[in-house]
Amino acid sequence: MSVKVRKFVVTVEETCKEIGRDIAPPTRRAAALAVIENPFAGCYEADLEVLMQAGEELGRVLGEKAVAALGVAPSAIESYGKAAIVGEGGELEHAAAILHPRMGKPLRQAVEKGAALVPSAKKMGGLGTVIDVPLGHKDAAYVRSHFDAMEVRVPDAPRHGEIVVAIAVTDSGRPLPRIGGLTTDEVKGEDGLR
């Protein structure tokens with residue numbers, strides 16, 4: 001790994017009942033997080049190549065960990081998202097360097113395909129900061145049933161010189177979706193929209 005990892009955290013949510021109704025099969029989502037050292041904490045650096053490379057590596061590692069946590073084939077993943085929290089010694093551009101230039105390709109490989117853009121969020125924060133990892137269907141942005149988010153946090157991170165990086169995946173949409181739009185069986189997955 002091009003940066004030092006202090007810890008990994010993997011979490012799974014399974015919703016079996018919503019508003020008194022059984023959800024069968026349950027809707028499930030998983031997040032894999034890495035707490036990494038920020039090599040540029042406390043200083044300005046023009047060349048963020050190290051963080052871009054870390055994003056590529058973490059796209060693969062966290063994508064695979066999140067898929068494995070759901071115990072399904074990569075092709076069964078329906079939606080995905082990514083996020084990062086930068087400790088106070090860093091800057092938002094450090095999160096952008098991890099999330100944007102190179103993370104998408106290995107994440108798409110981990111979930112088999114992924115024609116749609118990967119939704120993302122970034123923020124600054126201290127220990128235990130919560131972030132909502134935005135979720136969207138991996139192959140078609142117009143699938144409204146998959147517009148969602150998964151709240152994640154690491155109680156002891158990010159420290160001053162750290163970054164928390166998160167990837168979330170689902171094997172379904174929200175429980176009881178009923179606002180219309182493109183359905184999963186109508187997805188073509190060619191243009192990332194439909």
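Just a few scattered comments:
- When Lys82 is tested against (1) surrounded by 24 or more Cβ atoms within 10 Å (Cβ to Cβ); (2) without any contact (Cβ under 8 Å) to a residue 60 or more places away in the chain; (3) among the basic types (Lys, Arg), exactly one condition is not met: (2).
- Taken over region 102-139, the criterion of being in contact with a helix residue (DSSP H, G or I) (Cβ under 8 Å, 6 or more places away or on another chain), over 20 Å from Ala66 (Cα atoms) and of a type in the set (A, V, I, L, M) is satisfied by Met124 alone.
- Look at region 1-24: where a residue is modelled with pLDDT under 95 and a partner is surrounded by 13 or more Cβ atoms within 10 Å (Cβ to Cβ) and among the polar types (S, T, N, Q), sitting 6+ places away or on another chain with Cβ atoms under 7 Å, you get Ser2/Gln53.
- Strands (runs of 3 or more DSSP E) wholly inside region 91-194 that include at least 2 residues being of a type in the set (Lys, Arg): 120-124
Each row is one residue, and each column tells you yes or no for (1) more than 20 Å from Lys4 (Cα to Cα); (2) surrounded by fewer than 18 Cβ atoms within 10 Å (Cβ to Cβ).
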| residue | (1), (2) |
| --- | --- |
| Gln109 | yes, yes |
| Glu112 | yes, yes |
| Ala116 | yes, no |
| Pro119 | yes, no |
| Gly128 | no, yes |
| Gly136 | yes, no |
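- Residue count for region 1-54, restricted to those that are among the small types (Gly, Ala, Ser), assigned to a loop (DSSP other than H, G, I, E, B) and surrounded by fewer than 18 Cβ atoms within 10 Å (Cβ to Cβ): 4
- Just so you know, in region 138-160 the residues that are surrounded by fewer than 16 Cβ atoms within 10 Å (Cβ to Cβ) and in contact with an Asp or Glu (Cβ under 7 Å, 6 or more places away or on another chain) include one that is farthest from Leu107 (Cα to Cα), and it is His160.
- When Arg144, Arg153 are screened for being at pLDDT 95 or above and under 13 Å from the mean Cα position of the chain (by Cα), only Arg153 passes.
- With respect to the stated conditions, Arg102 is surrounded by fewer than 22 Cβ atoms within 10 Å (Cβ to Cβ) and either in contact (Cβ under 8 Å) with a residue 60 or more places away in the chain or under 23 Å from Glu57 (Cα atoms) (or both).
The values are calculated or read from the model by the stated rules, or taken from the named source; none is laboratory data. Note that the structure is predicted; figures quoted are calculated from it, not measured. Cβ: placed from backbone, ideal geometry, glycine included. Neighbour counts: every protein chain shown.
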